[in-house]
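Please read the structure below before turning to the comments.
All of the numbers you see were taken from the coordinates with simple rules; none came from a lab. Computed from a predicted model, the values in this text were never measured in an experiment. Cβ: placed from backbone, ideal geometry, glycine included. Neighbour counts: every protein chain shown.
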Amino acid sequence: MTLRLLFFITSLSFGAHLAVGQQLCTGFGTGVVQGEYIKEHFSEAVVRIQDVGTAYLIDAEHGYLLTAGHVLDDLDAKKEPHEILVGESPSQHLGFVVTKRPENLDIALLQLTKTDALKDVRALDIAFVAPDFDSFLFVMGYPQYGQQNQVFLRAGSAKLDSYTPNGLIEIAHVTAGGSSGGPLIDANGDAVAVCQEEIADQKVGRYLPLSEIKDFLDNIPTSPRMQSIDSDLSTGKMGMDDFKRLLRKGNSQGPTNLELFVWLHNLKPSSPSWIAIKRKYITCPLFPALIQRQIPDALFSLLAQQDSSDPQTSQAVAQAKLAVAEREYAIGNQSVALELTHEIYFLGPEKMIRVSGHSDNPFEKANLLRWAIEEQGELVNKEKLRYQMEEQIESTQQSVNHGRSQGFDFQVVKQQLTPVNVTLDSHVVEKYLVHWLATISYKKGEDGHPAEPLKGWLTDTRKCHWTIQSEVLRKLYYINAEGQPATYIGASRIFHSGFGNQGSDFVLTQLRPENCQDEGAVARYMSDLHDARTAVSKKFASVIVEDRKQLARELGKLPHVANVSVLSSDQAKQ
């Protein structure tokens, strides 16, 4: 039996390649760039806001910048003028106005008073993407360290540490006051987030992803360049090859991501240019370009208004929703991602059958993502059920010993999905999906009994104890011969750490052991939980790096396999 009969797997990747006839519509992204490139080309776009924070230029033509909202509060508290400082001392002072600042987000859109003052500076482009734990990241800003008199631009590489429950990105890098408002830049050289605050003794920065502020950019007008492109599309003056060439990122004549997003955001479904795009350019080159340039949301609102019974439109809608679902899952919004995968399926399961086997079938990809999310939920439920069964078995012994459970929980603290390409002897490339989960489980109980003299219990013997387990699990998914998602390899435990602890045997002030309600035991328990979560979080990225090699070795031993490539996140997005 060949590997192809065993597996048919689609990868989850922003790097879509949609086929038109025999021609591949690809190559619209910049590819991975290095830190020196980012520093050389974008340092001038990162500016100081007096001595309180950082901002960065996203539109040189109209003079728009992004910063953290609280930087403006700090500026006003110091009664400093609303000015940015450009260049080394003596710096150029440029005034700005606040064009938008939402109440519910720590973000602000600024515009220079002299809008074209930085027209010759290369602005940072934007992207709506969630970094993975093995992504290359770069930070820039104007932090204030020690007693130095001169504040200067600091730039360097960084790593994803975690996502917070409210969607902020935590990045491991040295930071300090003044970093707020600075950009988080990905491997493509795009700004993907804005610095909000520093935590963990200035070793971690929290960033707001730009995917949270898409509607916040509607103040920015459509650029003259996009107005010209719009006109040429409407009149038919622009052909397929010309449009593809303009959409390739890095083309000096082409639009930025921000320009594309603003243009499509403002485009009406009845406009001549949109009618031309829908008829001729959706499948290629527009949508592949938006995905590869990491702004799939740009078409989302327009496509939602279209007739999804049309196969071409349905495919584009599915691609848009899939890209957003992948991002939402990456930042921990499983419920949103799961809902989107169901929406994709109900666009038409008959389309999933009709295009089954296509290397970029969004319906199959969405089905696979749905399966991974549901499997993750089942894993959590199974662990909790296992605990309940163990608790029932132990209940008799606990009653004899006057012990009782104080609770159990199982949590996924980090997660990552990564494509795997397997090349067969026949040169056919099969695609898989590997899922890594960092988990912690903890169980707390209490032995002994309270002091009840009428029962002959003269002393309080209750003593708290707990166990905490940290693990990294790996699962491998595929689409089976019936076209349904399945798990090929069950959860493999590739990292494990566990320990137990307890309350003190005797507390002098209370003349008894610590029970689970005592402050000392509670503090020690919470500290152990924090340590376990921190330990598995720090191990997660390095465990993935090593397990890539192990997984490649395991798959390489299967029949008819010539080569195995476990893609990094940055490679998968190209």
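Evaluating 6.51 cos²θ - 1.76 cosθ + 1.60 at θ = phi - 60° for every residue in the range 375-387, the Karplus couplings come out as 4, 5, x, 5, 4, 4, 5, 5, 5, 5, 5, 4, 5 Hz, glycine and proline recorded as x. Among residues other than Y488 with Cβ under 13 Å from its Cβ, the summed charge is 0 (Lys and Arg +1, Asp and Glu -1). In order along the range 35-43, the Karplus-derived 3J(HN,Hα) couplings, from 6.51 cos²θ - 1.76 cosθ + 1.60 at θ = phi - 60°, round to x, 5, 5, 4, 5, 5, 8, 10, 4 Hz, and Gly and Pro are given as x. Here the residues H530, H449, H41, ranked from fewest to most Cβ neighbours within 10 Å of their Cβ, fall in the order H530, H41, H449. Of the peptides 318-331, 243-256, the ranking by mean beta-carbon count within 10 Å, highest at the top, reads 318-331, 243-256. Counting beta carbons within 10 Å around each of M140, M240 and listing the fewest first gives the order M240, M140. Please state the shape class of the range 35-205: rounded when a/c is under 1.5, otherwise prolate if a/b exceeds b/c and oblate if not, all from the C-alpha gyration tensor. Cα axes put the range 35-205 in the rounded bin.
Each of D73, D132 was scored by other Cβ atoms within 10 Å of its Cβ. Listed from fewest to most, they are D73, D132.
Among the listed pairs K114/K237; K159/K278; K414/K443; K384/K431; K119/K414; K237/K268, a Cα-Cα separation exceeding 31 Å is found for K114/K237; K159/K278; K384/K431; K119/K414.
Length gained on full extension, V336 to K237: 31.6 nm, using 0.36 nm per residue less the C-alpha separation.
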